[in-house]
Amino acid sequence: MSDDTKEYEVGYGKPPKATQFKKGRSGNPKGRPKGAKGVNASLKRELETKITVREGSHEIRISKAEAIAKRFTAGALKGDTKLLMALLKLDTDLFNASELDAQESVRTV
């Protein structure tokens with residue numbers, strides 16, 4: 001005897017068969033549109049766009065993220081203590097992450 005022909009008890013946590021989700025059909029059919037992106041994706045896309053920057057006597061095209069990094073390090077080198085402390089914190093975060101990756105790869109070998 002199949003499940004469909006058995007008597008089905010409707011109650012708490014057991015909705016009627018007619019209102020249950022159908023197989024192969026999403027529970028949220030209108031959901032997020034396929035083209036919709038989150039804030040992180042939009043920010044990443046914006047930071048990847050290129051801008052023209054003058055360095056000395058010539059102009060170069062770099063990403064906005066690179067331009068921010070250049071300004072960040074230049075400010076720290078000029079003596080801005082807030083930027084220097086933030087740069088040192090980022091530096092340790094970056095180097096600790098790469099050291100951990102290197103240590104893990106050595107352990108697996």
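Every read-out reported here was derived from the displayed coordinates using simple, explicitly stated rules and does not represent laboratory data. None of these values were measured; they are calculated from a predicted model. No Cβ is skipped: glycine too gets one built from the backbone with ideal geometry, and neighbour counts run over all protein chains shown.
Structural remarks
- Within the shell of other residues whose beta carbon sits under 11 angstrom from the beta carbon of residue 43, the net charge comes to +2, with Lys and Arg scored +1 and Asp and Glu -1.
- When the trypsin sites (Lys or Arg not before Pro) in the stretch 1-87 are filtered for DSSP coil states and for at most 13 other beta-carbon atoms within 10 Å of their beta-carbon, the remaining sites are 6, 22, 23, 25, 30, 34, 37.
- Among the chymotrypsin sites (Phe, Trp or Tyr not before Pro) in the stretch 1-91, those placed in a DSSP loop whose Cβ has at most 13 other Cβ atoms within 10 Å are 8, 12, 21.
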